[in-house]
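A short worksheet on the structure shown next.
The values are calculated or read from the model by the stated rules, or taken from the named source; none is laboratory data. Predicted model, so just to flag it, every value in this text is computed and none were measured. Here Cβ is always computed from backbone atoms with ideal geometry, including for glycine, and neighbour counts include all displayed protein chains.
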Amino acid sequence: MIIAVDGPTASGKGTIAKALAAHFGLPHLDTGLLYRAVGRQVFLDGGDPDDGGDALAATSFPDSLLGDPHLRDEATGGLASRVSVHPAVRQALYERQRSFAMQPGGAVLDGRDIGTVIAPEAEVKLFVTASVEARAQRRFLEMRERGVHVTLLEIEDDLRRRDERDTNRAVAPLVPAADALVIDTSTLSREEAFAAALDAVNAATGQQPCP
Ligand code: DC
């Protein structure tokens, strides 16, 4: 079973994908991490994330970079969004994601284009979203916990900029697949969001819903 979980930044898609993977005993890939690694590598190389050549060169980042704590930084998220507009970068990361999706037994992948490009044949496609305000509030609390000083307004501005770039890029834009089930987590707790996702998976695969 392939479960595709797409959606914007801080929508809760990563948490849902991880929880579904644990529930069904499936391997999980956070594909945003690959784009973040490319963004981080461009930075380390002193390159320009808006330059297709610099960004493509950074796709040969070492695997060890995937463990870099800086990948979670907001700045790296912004770089990831910028390198992800280049078709050659998306192409370079395609095979790795595709083979993860196609492994025997199935997998859960979260990102922006899993249901539309990476695994259009996925049995289950979820599009997890939430209002900018709700997402900014979550990100704000998360950053405060990590001791990062940033205002709610700065986070909201950044999310809007990234949404705009991810949604309007020419290749593999952030859009729900035609057959995706949309889950809006704006007013849902983590538990409620996971329950909604589980119901959606069960409905898509013909299982009985949870009592
Ligand atoms: O999910 P995230 O915030 O870690 O993703 C960071 C950026 O990477 C996001 O703004 C766009 C890009 N991305 C993408 O284009 N396609 C994916 N499948 C995953 C992420």
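Data table
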item: Some residue of segment 36-47 being at pLDDT 95 or above and within 29 Å of Asp179 (Cα to Cα); result: yes
item: Extreme residue, nearest to the ligand (Cβ to nearest atom), among residues of segment 153-173 that are surrounded by 14 or more Cβ atoms within 10 Å (Cβ to Cβ) and of a type in the set (A, V, I, L, M); result: Ala172
item: Of residues in segment 84-122 being of a type in the set (Lys, Arg) and closer than 21 Å to Gln41 by Cα, the one surrounded by the fewest Cβ atoms within 10 Å (Cβ to Cβ); result: Arg96
item: Neighbours by Cβ (under 8 Å, 6+ apart or cross-chain): first from segment 78-100, touching a residue at least 12 places away in the same chain (Cβ under 8 Å) and within 15 Å of Ser60 (Cα to Cα); second polar (S, T, N, Q) and in a helix (DSSP H, G or I); result: Val89/Thr59; Ala92/Thr59; Leu93/Thr59
item: Qualifying residue in segment 197-211 (condition: more than 22 Å from Ala80 (Cβ to Cβ), in contact with a Leu (Cβ under 7 Å, 6 or more places away or on another chain) and either loosely packed, with under 14 Cβ neighbours inside 10 Å or among the basic types (Lys, Arg) (or both)); result: yes
item: The listed residue being among the small types (Gly, Ala, Ser), touching a residue at least 40 places away in the same chain (Cβ under 8 Å), under 16 Å from Phe127 (Cα atoms) and in a helix (DSSP H, G or I), out of Ala172, Ala204; result: Ala204
item: Selection count, segment 15-70, where residues are touching a His at 6+ places or on another chain (Cβ under 9 Å) and under 22 Å from Ala197 (Cβ atoms); result: 5
item: Hits in segment 182-199 - residues which are modelled with pLDDT under 95 and either polar (S, T, N, Q) or touching a strand residue (DSSP E or B) at 6+ places or on another chain (Cβ under 6 Å) (or both); result: Ser189
item: Which numbered condition Ser84 misses (of (1) small (Gly, Ala, Ser); (2) away from the ligand (no atom under 12 Å from the Cβ); (3) modelled with pLDDT of 95 or more; (4) out of contact with any strand residue (DSSP E or B) (no Cβ under 6 Å at 6 or more places or on another chain)); result: (2)
item: Pairs with Cβ under 9 Å, 6+ apart, first in segment 25-53 and away from the ligand (no atom under 13 Å from the Cβ), second part of a helix (DSSP H, G or I) and among the hydroxyl-bearing types (Ser, Thr, Tyr); result: Gln41/Thr59; Gln41/Ser60; Phe43/Thr76
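Residues are listed down the side, and each one gets a yes or a no for (1) away from the ligand (no atom under 12 Å from the Cβ); (2) at pLDDT below 95; (3) in contact with a strand residue (DSSP E or B) (Cβ under 9 Å, 6 or more places away or on another chain); (4) not basic (Lys, Arg):
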position	(1), (2), (3), (4)
Gly67	yes, no, no, yes
Asp73	no, yes, no, yes
Gln91	yes, no, no, yes
Arg98	no, no, no, no
Asp113	no, no, yes, yes
